[in-house]
1. Collect residues whose amide H, placed 1.01 Å from N in the peptide plane, falls under 5 Å from the amide H of Q177; neighbours closer than 5 in sequence don't count.
2. Mind checking the full-extension length gain between A50 and H135? Use 0.36 nm per residue of separation minus the Cα-Cα distance, one decimal, nm.
3. Beta carbons within 10 angstrom, averaged per residue: use that to sort the peptides 252-261, 324-333, highest first.
4. Straight-line reach from K409: which aspartates and glutamates fall under 18 Å, measuring Cα to Cα and dropping same-chain residues less than 8 apart?
5. Which distance in nm do the two modelled labels at A112 and V324 give, with both placed 7 Å along the Cα-to-Cβ direction?
6. Provide the FRET efficiency to the nearest 0.05 for the T127-T313 pair, computing r from the beta carbons and using R0 = 51 Å.
7. Show me, for region 383-392, the HN-Hα J-couplings you get by feeding each phi into the Karplus relation (A = 6.51, B = -1.76, C = 1.60, θ = phi - 60°), rounded to Hz, glycine and proline as x.
8. Residues of region 336-352 with backbone nitrogen within less than 14 Å of a virtual label 7 Å along the Cα-to-Cβ line of R404, please, listed as ranges.
Amino acid sequence: MRNATPFFHAFGPLLFGKPPVSGLSEAFAKFSECTSLSRLRKLFGASIPAAFLDRRPSGENSRRRLFSLEVIFWSFLDQVQTPQGSCREAVLKAMAFARRKLAPKKSASPSADTSAYCQARAKIPLTVMNEIHDHLVDRLQTRIPLDGLWHGRHVRLVDGSGLSMPDTEANQARWPQSKSQKPGCGFPAMNLVGIFCLHSGALLHAAHGDRQTHETKLFQQLWSTLNPGDLTLTDRGFCSFGAFAGLSARGVDSLMRLPEKKIRVAITSQLPKAANFDVIVTWKRPAQRPRTMSPDEFALLPESLPARVVRYTIAHPGFRTQSVTLVTSLLDPSITASDLADLYFRRWGVELHFREIKIHLHMDILRCKSPHMIERELRMHFIAYNLIRCLMQKAALTHDVDLRRVSFKGALDALRQFANAAAGAEHKPRTLSALVEEMLLAIARDLVPLRPCRTEPRVRKRRPKNYAASSF
């Protein structure tokens, strides 16, 4: 018989056994463990400590739910890395897991309605996502070999890009469409500026705003994230005396391509007439305040700064000769002009990084319909990108290959296929370990051909049709 007295509760389980557990309680306990709900959980679990996704002591994500923080995070991540992954597909995956893992009862399986999943996804704290992103960045940065740095420095690639999203009233109010488009004919648009690591390819930091916010202002918001001794590598769009002086004041060096207009206005009289040169000049503050700077910011700029200007010529048979002018705060003569030219040539890597995160991970067109969820979708894309970069870095270090030649698309394809195989390796650590090793070997073998001087003009051969496609 069961002891019904309120005294000596600790003796109850010892004398009479544990009380029966309801089906719902058992479902909560098993489902919240989430050892194999997401295929990615088995492959990425070591990269993201479970402490980040534990149940909170109070507030949101503190109650015991089927869609716990851990379940929602891995399901959301699976959506991001899956082409056209929808909320309905994520819920159906959860239902399939529940039917396979839990008791075969109707009450043990969640509903196919996406409302509960979407509500739980909207409760993912941004602080948790930021902490996970920072953890992945630290993991990538600490594994950079010291001999892989450029003259012992960390080089940061800076560039901007644009994104679009569903045309809803909330999104239009936060990120309005271009003023050149008629109302109802455009989509909400976002400007995004990212800082990538040259050596690991990691997305370190990012800032975004509407189309009216200039990319130089977004870059200025990221200055505080840079460390003294870092070297920023930017194109002509970010080159200005204000950025040059602001970064130098923080102990951050810069290497920028100098536009021809700034050459004529600022330092043209100090440059030699030769085709190629390497000189140190005095860069004076502009007479007029730029529109992107406030009067207080402009008043804090120094009157002048020493700058090193390097000009070199690019000549390839069959192509027009091009002259490139760089300006940098690196005045050390041990760093030659050819070193600076070779480094600036590697700036193109940031364009490839944006292509990887926008095209291969489908971030060019975001899918959420509210600014609240757009913020979370954006951060989840950053996390997914850095997770794949972790795989690429581990494969390169394990099998001693050049990380720059490891294919991002190949790593993403390998991840998807081996994740399907890992889903069936439950409670088989040796099988799972062998799958991971085989996946890393496949990633390391999928190298991009070394073609540094190739040219591939963008040609769109398949033109859009002027009639609607028929439905089947």
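The values are calculated or read from the model by the stated rules, or taken from the named source; none is laboratory data. Bear in mind that the values here come from a model prediction, so they are computed numbers and not experimental data. Note that each Cβ is placed from the backbone with ideal geometry, even for glycine, and that neighbours are counted across all protein chains shown. Note: areas computed on protein heavy atoms with side chains; ligands, DNA, RNA excluded. Shrake-Rupley method; radii C 1.70, N 1.55, O 1.52, S 1.80 Å.
1. A189
2. 29.4 nm
3. So the order, starting with the most tightly packed, is 252-261, 324-333.
4. Reachable aspartates and glutamates: D78, E351, E356, D364, E438, D446.
5. 5.6
6. 0.50
7. Ordered by residue, 3J(HN,Hα) equals 5, 4, 4, 5, 5, 5, 4, 4, 4, 5 Hz.
8. Once the point is set 7 Å along Cα→Cβ of R404, 339-352 turn out to lie under 14 Å by backbone N, inside region 336-352.
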